[in-house]
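Peer 1: Handing you this structure, nothing more for now.
The values are calculated or read from the model by the stated rules, or taken from the named source; none is laboratory data. These numbers come from a predicted model, not from an experiment. No Cβ is skipped: glycine too gets one built from the backbone with ideal geometry, and neighbour counts run over all protein chains shown.
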Amino acid sequence: MLRSMIAVAALAAMPLAAQAESPSYFYLEGGVARADQYGDSLDGFGLKGSMAFGERWYGFIDFNQTEFDEGRSIDLITQTPILLGAGYRLPLSERTDLVFEGGYLGLNSEILGTDYQNDGIRGAFGVRSRLASHFEIEVKATSSWVENMDTVFGVYAGALVSFNENWGATISYHKNAYDFSVFADGGEVDVAQIGLRYSY
């Protein structure tokens, strides 16, 4: 009888333990992406990944490629930004981390068949929090600089809905992700992505 009571108590505590888990920094993610600029939309795909090093440090990659062809046989604009960086997490509670990030931001673009390469950097800080066992949010303030472009300050917001221990659906939106002032001033680019994440 005592063993049965202990087993029931352990099972009842499992959801609470799951809710107390901190956000995972081991994951791979892929999905569809859209970049908005000058009132036009560029569609494509995005990939993300993260790996922790020790208890506080982690590395990450964020890559997407979007294209705008206006129904023509060739792509008028192709943008391929890639972010390689590292982050430091400072636990605020069992479920919430304050994060600080920085890294290399490379913007590869193709305009009417001509390739361009611009290097830059991005810094960010914000919060990741597992509000429930199957729901997590991330909000960050960002500053992005790319050579020959303007420095822009942006806001990133994302959410994860977990199906199980490993798989989940993600959605994110980055207001003023970077600047692409090629044709005119005010070339801030907003990037949205919807996808699937595998946490390991």
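Peer 1: Evaluate the following for residue 53: is it modelled with pLDDT of 80 or more and either touching a helix residue (DSSP H, G or I) at 6+ places or on another chain (Cβ under 8 Å) or within 22 Å of residue 121 (Cα to Cα) (or both)?
Peer 2: In short, yes.
Peer 1: Across the stretch 128-161, what is the number of residues that are within 16 Å of the chain's Cα centre (by Cα), surrounded by fewer than 16 Cβ atoms within 10 Å (Cβ to Cβ) and either in contact (Cβ under 8 Å) with a residue 24 or more places away in the chain or more than 25 Å from residue 88 (Cβ to Cβ) (or both)?
Peer 2: 2
Peer 1: With (1) surrounded by fewer than 17 Cβ atoms within 10 Å (Cβ to Cβ); (2) closer than 17 Å to residue 48 by Cβ as the list, and residue 123 as the residue in question, which single condition is left unmet?
Peer 2: All conditions are met except number (2).
Peer 1: Which residue pairs have Cβ atoms under 6 Å apart, sit 6 or more places apart or on different chains, and have a first residue in the stretch 63-88 that is under 23 Å from residue 121 (Cα atoms) and aromatic (Phe, Trp, Tyr) and a second that is at pLDDT 90 or above and crowded, with 16+ Cβ neighbours inside 10 Å?
Peer 2: 63/47; 63/82
Peer 1: If you check residue 109 against the conditions, is it surrounded by 16 or more Cβ atoms within 10 Å (Cβ to Cβ) and touching a Leu at 6+ places or on another chain (Cβ under 9 Å)?
Peer 2: When the stated conditions are applied, residue 109 does not pass them.
Peer 1: Now for a different question. Which residues, taken from the stretch 172-196, are within 28 Å of residue 131 (Cβ to Cβ) and in contact with a Gly (Cβ under 7 Å, 6 or more places away or on another chain)?
Peer 2: Matches in the stretch 172-196: 172, 174, 175, 176, 177, 193, 194, 195, 196.
Peer 1: Is it the case, given these coordinates, that residue 197 is at pLDDT 95 or above, in contact with an Asp or Glu (Cβ under 7 Å, 6 or more places away or on another chain) and either crowded, with 18+ Cβ neighbours inside 10 Å or small (Gly, Ala, Ser) (or both)?
Peer 2: yes
Peer 1: Restricting to the stretch 162-191, give me the number of residues that are surrounded by fewer than 19 Cβ atoms within 10 Å (Cβ to Cβ) and part of a strand (DSSP E or B).
Peer 2: Here the count works out to 7.
Peer 1: Give all pairs with beta carbons closer than 8 Å in which a residue from the stretch 163-181 that is touching a residue at least 60 places away in the same chain (Cβ under 8 Å) and within 30 Å of residue 109 (Cβ to Cβ) meets a residue that is among the hydrophobic types (A, V, I, L, M, F, W, C) and in a loop (DSSP other than H, G, I, E, B); count only pairs at least 6 apart in sequence or on separate chains.
Peer 2: If the second residue must be among the hydrophobic types (A, V, I, L, M, F, W, C) and in a loop (DSSP other than H, G, I, E, B), the pairs left are 178/149; 180/149.
Peer 1: Within the stretch 105-160, can you find the residues that are of a type in the set (Val, Ile, Thr) and not in a strand (DSSP E or B)?
Peer 2: Listed by number, the list holds a single entry, 151.
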